[in-house]
Amino acid sequence: MKTHYRTCNICEALCGIEIQHEGDKIISIKGDPKDPLSRGHICPKAVALQDFHHDEDRLLFPLKKTEEGFVRISWEEALNYTVQKIKEIQENYGNNSVATFLGNPNAHSMGNLLFMRPFLKALKTRSRFSASSVDQMPHHVAALHMLGHSLLNPVPDLDNTNYLLIMGANPVVSNGSMMSSPDIKKRMRAIQERNGKIVVIDPRRTETAHKANEHYFIKPATDVYFLLALIHVLFREEKIRLNHWKNAVTGLKEIEELVESYSPEVAEGFTGIKAANIRTIALEMAAADRAVLYSRMGLSTQTFGGLCIWLSNVFNILNGNYDRVGGMMFPRPAIDPISFSPKKGKPKYASIPLSRVRKLPKYLGEIPSVSLAEEMETEGEDQIKALVCIAGNPVLSVPNGRRVEKAIKKLEFHVSLDIYLTETNKHADIILPASSALERSQYDVTFLNLAIRNIAKYSPALFEKKGEVKDDWQILSELSSRLKGEENTKLSPEAMIDMALKMGYYGKEGLSLEKLKQHPHGIDLGPLDESLKDRLQTDEECIHLAPKEFLMDLARLETASKGNSQSEEYPFQLIGRRVLRQHNTWTHNSHRLSKGKNECTLLINEKDAKLCGILDGTIVLVQSCVGKVEVEAEITQDIMEGVLSLPQGFGVRKNSKMKIAAAQNSVSINDLTDDLRVDFLTGNAALNGVPVSVSIA
Ligand SMILES: Nc1nc2c(c(=O)[nH]1)N[C@H]1C(S)=C(S)[C@@H](COP(=O)(O)OP(=O)(O)OC[C@H]3O[C@@H](n4cnc5c(=O)[nH]c(N)nc54)[C@H](O)[C@@H]3O)O[C@H]1N2
Ligand SMILES: Nc1nc2c(c(=O)[nH]1)N[C@H]1C(S)=C(S)[C@@H](COP(=O)(O)OP(=O)(O)OC[C@H]3O[C@@H](n4cnc5c(=O)[nH]c(N)nc54)[C@H](O)[C@@H]3O)O[C@H]1N2
Ligand code: SF4
Ligand SMILES: [Mo]
């Protein structure tokens, strides 16, 4: 029996795991107590890594769609045919007629990240989409305008804070996002044990809210008023303290003026949270020496997602808790993506480019994913005719997935890099099978940049590859060289990581790949420190509190504030949720994760259920202006009246080749979400607060 150490790559928590195995057979998967970040913590999903590896439904050979269905072909044929089709379509319709969609697992794979840029360069298309614009794009937009670089994202210093205000996040289940902090429950308990306080603002009394000191229901998509009121109180009560940023911010006056009219009383009217409570939270946070506001998914994926994330930053800065111990802090990663594309001293972009059809902003060079279908459907120059989908499942993950599916079916060519046959790539012409996590090596380029301690860790591959699968980076590299008509690169991800480590902040202290290989549990590089002055990318070395992009969006807020959002036809507001035992759309074929009670239920408040005659377990029809689903109702007091919740990531259909997933009752929340609901400021999807109706099916 052998023991292998690595980092679980499923979610952002970066848990260290210890795998005991005999050859290809896994004996056990446990938390690694010696991992400096996770200290032994894991969740049930890590144990399922073996299910994905051994899954008989996993794709093992390149496939081509024929009239008889998918048939196995050779890699040579698959790669050559793919490149031939891409070239043909680009010659006929222009380079931008070939689109890319990059899904979430790319962020969790070193090879994908390192080889994506050369691949995109070889593909020469500006039609790029990703899961970022159905997720965290507002965080990048705020970082860009306030700090000068999209990737300069702060994380809450959980281990040192004494007051944690959580808005629109459920880390007890999600294990945290834009914040790699495994074992969140223990870290939350530690805050309470040192007499600190945790407050949660969420339309649902979540698993996290149950562990907090206080929870307040908020009417979906009204958080912007709550945040404006928090800042209003700081000014009114003369609590502004900038600490070491005192002479290094711009826009303070503008912020003071704009929050003037947003008192806690005004916010109460929109949010449903009592003015007195809003005032108390602001004053308690001002009084706490170390306090932090952490806002995530529930805030970034709403109609004013950009304003919400911007104002969350502004609050932390004005409360003296930015780049400061116990507040929002900036990691110093061993491989710093910012050092590879610094903005400092560069001329400012004139303006953000806009998408072709709906004129939405293209941050990070990406067309917002809410536009995926319309960019395929709408004729004219740059209409999308082909799709290269890399670890993405937009039919289930993008709003109005059914429309996306219809548009994808009409494409001239569609190639997919995936580990499964999904609701998206079942329509592909070519499927290129990627390796699973245990078959490849890993250094977490993305999430070590968001970890709440500075850590470096490398994990080698554990198993030989099954069938004919290749690592994504190998596939990308093969495609790049064919597109360019050049020899395949000899560079490996390992060589690139080694180079980057040596060039990085800890390189001078001797950090290298060799050193990481000698420390299989990872190396602790210490707690977060005040690093923003070294890393800030604005020309003036100041934090911009009031960038014009955000100020301009306040006009949209004012218009919206005057309208009546409640519709008679769709009187409820739908929000999403995550479940502990699944990750997005791709873990549903694990038998370990899929046994037990049905988790794909519609949560409804008991009073609403009574009014509608709905009982626990009743099959209900939920409808929105784009579609409908039938699903089992689950009655609870833990959701606000007028709000309904469906889990995200579900929706594998009965005829799916993922047999275990197909056997479950599963509906896609994105059959209901509306692709026309968008945060116009950032282009991010407004997945939360969708108007819906519910009735007995
Ligand atoms: N309504 C609603 N919609 C949402 C959300 C929500 O909360 N509500 N959440 C959004 C968020 S935060 C995200 S991140 C997106 C996720 O959206 P997507 O990224 O589209 O979906 P995933 O399920 O993460 O994974 C996509 C695909 O990657 C494949 N895959 C897994 N591992 C690998 C690998 O190593 N290589 C390759 N090539 N493929 C692999 C999986 O089989 C799957 O088909 O969904 C978003 N959509
Ligand atoms: N188990 C598990 N873990 C995961 C994932 C998974 O699928 N399963 N997915 C991973 C991914 S890709 C991501 S991005 C992260 C996301 O991690 P989180 O950001 O923690 O996301 P959620 O768990 O969806 O929590 C969002 C919360 O926002 C609330 N919410 C909805 N609308 C509003 C609103 O208008 N206002 C406020 N204040 N709250 C609102 C919801 O009720 C929910 O509790 O999780 C990651 N971790
Ligand atoms: S919390 Fe995330 S990283 Fe940790 S074991 Fe679970 S899925 Fe893996
Ligand atoms: Mo995500």
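Each reported figure results from applying straightforward, stated rules to the coordinates on display, with no laboratory input. None of these values were measured; they are calculated from a predicted model. Backbone-built Cβ (ideal geometry, glycine too); neighbour counts: all protein chains shown.
Observations, loosely collected:
- Around the Cα centre of the chain, unit charges on the Cβ atoms of Lys, Arg, Asp and Glu (plus for the first two, minus for the last two) sum to a dipole of about 800 debye.
- Summarising the label geometry, the points placed 7 Å from Cα in the beta-carbon direction at residue 409 and residue 87 lie 3.2 nm from one another.
- Within-13-Å neighbourhood charge of residue 142 [Cβ basis; K, R +1; D, E -1]: -2
- Relative contact order, percent, the chain [alpha-carbon distance under 8 Å, six or more residues apart]: 20 percent
- The chain: C-alpha gyration tensor shape, a/c 1.5 cut-off, then a/b vs b/c: rounded
- Packing-based order for 281-289, 100-108, using average beta carbon neighbours within 10 Å, highest first: 100-108, 281-289
- Within straight-line cross-link reach of residue 597, aspartates and glutamates at Cα separation under 14 Å, skipping those fewer than 8 residues along the same chain: 616, 632, 634
- Beta bridges assigned by DSSP with both partners in the stretch 564-696 are antiparallel in approximately 60 percent of cases.
- The distance from the alpha carbon centre of the stretch 441-499 to that of the stretch 368-436 is 24 Å, rounded to a whole number.
- Filter on 246/548; 362/657; 426/465 - keep pairs with C-alpha separation over 25 Å: 362/657
- Additional length obtainable on full extension of the chain from residue 284 to residue 486, 0.36 nm per residue less Cα span: 66.5 nm
- Rounded, prolate or oblate (a/c below 1.5 giving rounded, otherwise prolate when a/b exceeds b/c) for the stretch 564-696 by Cα gyration tensor: oblate
- Under 26 Å from the Cα of residue 508 - lysines, other chains or at least 8 residues apart: 34, 343, 344, 457, 517, 533
- Global form of the stretch 138-334, assessed from the alpha-carbon gyration tensor, a/c cut-off 1.5: rounded
- Restriction of the trypsin sites (Lys or Arg not before Pro) in the stretch 372-445 to DSSP coil positions whose beta-carbon has at most 16 other beta-carbons within 10 angstrom yields 410.
- Debye, to nearest 20: dipole size of the stretch 400-512, +1 on Lys, Arg Cβ, -1 on Asp, Glu Cβ: 400 debye
- Pair residue 402, residue 534: separation of 7 Å Cα→Cβ label points (nm): 5.4 nm
- Here is the list for the stretch 213-289: trypsin sites (Lys or Arg not before Pro) lying in DSSP coil, each with at most 14 other C-beta atoms within 10 angstrom of its C-beta, are 241, 246, 274.
- Label sites at residue 253 and residue 598, each approximated as a point 7 angstrom past Cα along Cα to Cβ, lie 6.1 nm apart.
- At most 11 other Cβ within 10 Å, DSSP loop - trypsin sites (Lys or Arg not before Pro), the stretch 592-697: 595, 597, 654
- Averaging the sequence gap over all C-alpha pairs within less than 8 Å and six or more residues apart, then dividing by the number of residues, gives the stretch 2-54 a relative contact order of 29 percent.
- Cα centroid separation, the stretch 621-696 to the stretch 520-570: 27 Å.
- Net charge, residue 302 excluded, C-beta distance under 10 Å - Lys, Arg +1, Asp, Glu -1: -1
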